[in-house]
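Q: Can you read through this structure? Questions will come right after.
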Amino acid sequence: MSPIRTERHGDVLVIISDNPPVNALGAAVRQGLDSAIRDGDADAEVAAMVIRCDGRTFFAGADITEFGKPMQEPGLPTLVDRIEASSKPVVAAIHGTALGGGCEVALSCHYRIAVPSAKVGTPEVKLGLLPGAGGTQRIPRIAGVKLALEMTAKGDPISAKRAADAGLIDRIAGEDSLEADAIAFAREVAAVRPLPRASEKTATADPDAVAAFKKENGRRFHGFDAPNANIACVEKAADGSSYADGIAFEQREFMRLMMGVQSAAQRHIFFAERQASKIDGIAADTALRPVKRVGVIGAGTMGGGISMNFLSAGIPVTIVEMAQDALDRGTGVIRKNYEASAAKGRLKPEQVEAAMGALTPTLDFDALADCDLVIEAVYEEMSVKKDIFTRLDSICKPGAILASNTSYLNVDEIAAVTSRPQDVVGMHFFSPANVMKLLEVVRGAKTADDVLATVMALAKTIRKVAVVAGVCDGFIGNRMLMPRQVEAMKLLMEGATPEQIDRVHVAFGMPMGPFQMSDLAGVDIGWHRDPNRIESIRDALAAEGRWGQKTKAGFYDYDDKRTPTPSPRVAEIIESFRAKAGSTVREISDEEIVEKTLYTMVNEGALILEEGMAQRASDIDVVWIYGYGWPVYRGGPMFWADTEGLAKVVAGLEKHGFAVATSLKDKAAAGGRFN
Ligand code: 3HC
């Protein structure tokens with residue numbers, strides 16, 4: 001059955017799409033729309049048409065699952081031209097999100113009406129693409145170059161109100177009366193001629209706006225192909241070229257991006273992120289435990305950040321500390337963070353007060369008795385965690401979920417001190433916990449299905465991307481970080497410098513390299529604190545107080561603005577270690593750095609999969625994109641390995657004598673892929 005049906009309301013033909021969940025413009029929808037528009041155009045009793053959608057949203061874009069396959073006719077560019085060419089007015093009636101191809105369908109209609117809560121946007125750039133059905137040509141013609149650059153090259157949707165101010169929406173409907181208002185609007189404009197067609201308007205070139213936009217977003221766009229292609233298309237729309245030439249240019253650029261690795265990687269991550277929330281072996285309709293109040297133990301940086309996630313989502317938090325000054329400090333930091341957001345206009349003052357009003361700071365552990373979920377965020381020391389969980393076991397109500405924010409400790413060992421290991425789970429947030437999107441949810445041997453399902457659902461509520469990990473040292477992310485750090489240190493001994501290794505990682509697209517990361521996190525993390533025991537380069541740095549950015553010296557020297565410069569002292573320390581070990585220093589190529597620090601991560605990822613510590617390769621990719629800043633245009637380590645070619649990865653690892661994971665070797669031999 002076609003997802004498109006029509007209804008007659010007097011002389012207005014209402015064309016309705018019902019293609020759950022998001023009314024993606026797949027082949028059947030395009031075919032149905034195409035024939036409904038033709039029928040309406042040919043029917044003498046129809047004076048105007050309305051296109052609207054059932055369900056939660058107007059068309060949310062082209063059907064991304066069709067990308068990379070042969071396109072069935074009519075393609076979106078053909079469809080939008082058909083709609084615009086109609087001899088009778090067509091009104092788009094928008095609710096939810098008119099995104100990508102959905103926005104382009106709306107722009108090809110002669111009029112647009114939207115409910116106040118609707119959003120309009122062209123997020124294709126986030127899939128490594130551009131609006132390929134006339135969006136880059138119609139938006140600047142209606143709304144000007146400046147907004148077109150914002151919408152296409154950055155990809156964030158805009159509100160109905162902003163769209164109306166810019167001329168992209170002609171009328172705002174009542175929130176609950178969209179269809180009736182759209183039909184009334186269609187009747188009002190039924191006789192108006194000539195029909196307003198976006199393709200017939202002209203856009204004015206604005207080189208200053210283009211230059212300013214490029215300058216302002218240079219860092220954000222660095223490494224990505226798609227933003228520049230979007231900018232070039234918008235410029236083309238306003239350079240005096242005909243609409244047809246503009247469309248031909250847009251089409252060429254769209255196809256170029258579509259065939260490229262970056263878009264494949266970004267599309268992979270789009271689906272990987274959604275797949276990650278699905279838990280193997282647990283029914284999708286598993287009943288969830290209600291979580292109405294959350295307890296957080298520890299008001300340090302981590303505990304405070306974790307609390308903010310729930311407060312921002314309207315879930316009250318009881319935060320517990322050992323000492324009043326630590327509690328006051330922690331509460332003060334939370335308030336300061338909220339006020340900083342308010343100062344930037346991201347929150348209203350009343351939202352700050354509402355969040356702070358939902359926070360109950362206390363020194364009394366017993367106050368956790370009425371919490372539905374308690375997250376422990378204290379020092380990474382097994383004995384401390386065990387003490388806390390023993391206490392929680394005696395305080396918390398039956399059915400409460402007991403979570404640890406540990407970043408590498410054994411969750412099963414922690415659970416074993418309680419009489420309810422089925423209620424214990426790991427919730428590993430990444431710092432700063434109120435900002436970073438990743439949450440590793442650690443499934444213990446005895447964690448109950450409904451506990452896992454509840455925590456995964458809760459992650460969505462607090463706008464995190466959650467990935468299920470098994471119990472192993474460092475779970476997914478930190479476990480894969482280990483070989484990278486170890487190999488980077490070995491490379492220093494063989495002749496590389498911290499600057500060279502970091503440069504290779506930054507050129508690859510990482511926000512920072514291994515040594516810059518150590519300096520940011522603190523060189524003293526995990527240090528034994530005995531200045532006389534110097535067994536490694538890190539020990540030597542820590543013993544000299546070179547603890548990283550916080551002491552203005554680590555693997556680099558830092559000025560007051562935290563700008564790093566290579567450190568002669570660090571070079572001396574490295575040299576002394578090389579001499580002591582009798583290392584032969586040689587020239588290290590960038591390629592060797594990639595093989596030793598990145599291929600080893602892929603190898604560790606393969607082991608994680610073999611051991612069942614991650615559900616799927618794409619989950620590993622999600623962890624690295626959202627937790628560590630792996631460049632999304634490379635699709636995560638496992639997807640990147642696929643694009644490198646697994647045989648090449650295996651050869652690179654073997655060349656340096658690494659033990660290659662069996663599954664990686666087997667896949668490479670069979671010409672397979674992880675994703
Ligand atoms: N094509 C195919 N499937 C899509 C889709 C699309 N455009 N958009 C969403 N879906 C699927 C999701 O994969 C998910 O499937 P699942 O349930 O099997 O995991 C399901 O729809 C629901 O999606 P979400 O979980 O994301 O639902 P939310 O309510 O959280 O968000 C949304 C809804 C804001 C519409 C979000 O899904 C979204 O941003 N979608 C993508 C929008 C987009 O990028 N559009 C541009 C497409 S490219 C294009 O149009 C090219 C054109 O210019 C030629």
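The values are calculated or read from the model by the stated rules, or taken from the named source; none is laboratory data. Just so it is clear, the model here is predicted, and its values are computed rather than measured. For neighbour counting, all protein chains shown are included, and Cβ atoms are generated from backbone atoms with ideal geometry for every residue, glycine included.
Q: Does Val120 meet the test of being within 19 Å of Ala190 (Cα to Cα) and in contact with a strand residue (DSSP E or B) (Cβ under 8 Å, 6 or more places away or on another chain)?
A: no
Q: Read through the list (1) in a helix (DSSP H, G or I); (2) buried (at least 21 other Cβ atoms within 10 Å of the Cβ); (3) near the ligand (Cβ under 9 Å from one of its atoms), then give the number of the only condition that Leu79 fails.
A: (3)
Q: Among (1) part of a loop (DSSP other than H, G, I, E, B); (2) surrounded by fewer than 19 Cβ atoms within 10 Å (Cβ to Cβ); (3) within 27 Å of the chain's Cα centre (by Cα), there is one condition Met322 misses while meeting the rest; what is its number?
A: (3)
Q: Now a separate question. For the range 237-295, how many residues are closer than 27 Å to Gly68 by Cβ and polar (S, T, N, Q)?
A: Counting residues in the range 237-295 that are closer than 27 Å to Gly68 by Cβ and polar (S, T, N, Q) gives 6.
Q: Scan Ala85, Ala114 and give me the residue that is out of contact with any strand residue (DSSP E or B) (no Cβ under 6 Å at 6 or more places or on another chain) and more than 13 Å from the ligand (Cβ to nearest atom).
A: Of Ala85, Ala114, the one residue that is out of contact with any strand residue (DSSP E or B) (no Cβ under 6 Å at 6 or more places or on another chain) and more than 13 Å from the ligand (Cβ to nearest atom) is Ala85.
Q: Can you tell me which of Met302, Met308, Met356 is surrounded by fewer than 18 Cβ atoms within 10 Å (Cβ to Cβ) and touching a residue at least 24 places away in the same chain (Cβ under 8 Å)?
A: Met356
Q: How many of the residues in the range 56-74 are within 11 Å of the ligand (Cβ to nearest atom), surrounded by 16 or more Cβ atoms within 10 Å (Cβ to Cβ) and assigned to a loop (DSSP other than H, G, I, E, B)?
A: 6
Q: If you don't mind, another one. Residues in the range 287-302: is at least one farther than 29 Å from Ser431 by Cα, outside the structural domain of Pro637 (by the TED database) and in contact with a helix residue (DSSP H, G or I) (Cβ under 7 Å, 6 or more places away or on another chain)?
A: Yes, the range 287-302 has at least one match.
Q: Let me ask another. Looking only at the range 277-313, how many residues end up being in a loop (DSSP other than H, G, I, E, B), out of contact with any Leu (no Cβ under 6 Å at 6 or more places or on another chain) and closer than 15 Å to Lys336 by Cα?
A: 1
Q: Still on this structure, I have one more. Go through (1) more than 24 Å from the chain's Cα centre (by Cα); (2) outside any loop (DSSP other than H, G, I, E, B); (3) within 16 Å of the ligand (Cβ to nearest atom); (4) without any contact (Cβ under 8 Å) to a residue 12 or more places away in the chain for Gly246 and report which single condition fails.
A: The failed condition is (4).
Q: Might you let me know whether the range 93-103 holds any residue that is within 9 Å of the ligand (Cβ to nearest atom) and out of contact with any Pro (no Cβ under 8 Å at 6 or more places or on another chain)?
A: Taking every residue of the range 93-103 in turn, at least one turns out to be within 9 Å of the ligand (Cβ to nearest atom) and out of contact with any Pro (no Cβ under 8 Å at 6 or more places or on another chain).
Q: Would a scan of the range 553-568 turn up a residue that is within 30 Å of the chain's Cα centre (by Cα), free of Cβ contacts under 8 Å to residues at least 12 places away in the same chain and surrounded by fewer than 20 Cβ atoms within 10 Å (Cβ to Cβ)?
A: Yes: the range 553-568 contains one or more residues that are within 30 Å of the chain's Cα centre (by Cα), free of Cβ contacts under 8 Å to residues at least 12 places away in the same chain and surrounded by fewer than 20 Cβ atoms within 10 Å (Cβ to Cβ).
Q: May I pose another question? Counting only residues that are in a loop (DSSP other than H, G, I, E, B), free of Cβ contacts under 8 Å to residues at least 60 places away in the same chain and more than 16 Å from the ligand (Cβ to nearest atom), which one in the range 11-55 is surrounded by the fewest Cβ atoms within 10 Å (Cβ to Cβ)?
A: Only one residue fits best here, namely Ala44.
Q: Determine, yes or no, whether Met489 is surrounded by fewer than 21 Cβ atoms within 10 Å (Cβ to Cβ) and under 24 Å from Met436 (Cα atoms).
A: Here the answer is no, as Met489 does not meet what is asked.
Q: Condition first: surrounded by fewer than 17 Cβ atoms within 10 Å (Cβ to Cβ), at pLDDT 95 or above, more than 23 Å from Asp81 (Cα to Cα) and not charged (D, E, K, R). Can you find one or more residues in the range 156-170 that meet it?
A: Yes: the range 156-170 contains one or more residues that are surrounded by fewer than 17 Cβ atoms within 10 Å (Cβ to Cβ), at pLDDT 95 or above, more than 23 Å from Asp81 (Cα to Cα) and not charged (D, E, K, R).
Q: Against the definition (more than 16 Å from the ligand (Cβ to nearest atom) and either part of a helix (DSSP H, G or I) or under 23 Å from Gly75 (Cα atoms) (or both)), how does Ala265 come out, yes or no?
A: It is false that Ala265 is more than 16 Å from the ligand (Cβ to nearest atom) and either part of a helix (DSSP H, G or I) or under 23 Å from Gly75 (Cα atoms) (or both).
Q: Please report, ordered by residue number, the helices (runs of 4 or more DSSP H) entirely within the range 566-657 with at least 1 residues that are farther than 19 Å from Phe475 by Cα.
A: Ranges flagged: 568-581, 590-594, 637-644, 646-655.
Q: So the check is Cβ under 7 Å with 6+ separation or different chains; which pairs have a first residue in the range 211-238 that's on the phi > 0 side of the Ramachandran plot and a second one that's outside any helix (DSSP H, G or I) and modelled with pLDDT of 95 or more?
A: As it stands, the answer is Gly223/Gly509; Gly223/Pro631, since those pairs meet every condition given.
Q: Another question, then. Kindly evaluate Gly121 against the criterion of being without any contact (Cβ under 8 Å) to a residue 60 or more places away in the chain, more than 21 Å from Ala211 (Cα to Cα), within 13 Å of the ligand (Cβ to nearest atom) and not charged (D, E, K, R).
A: yes
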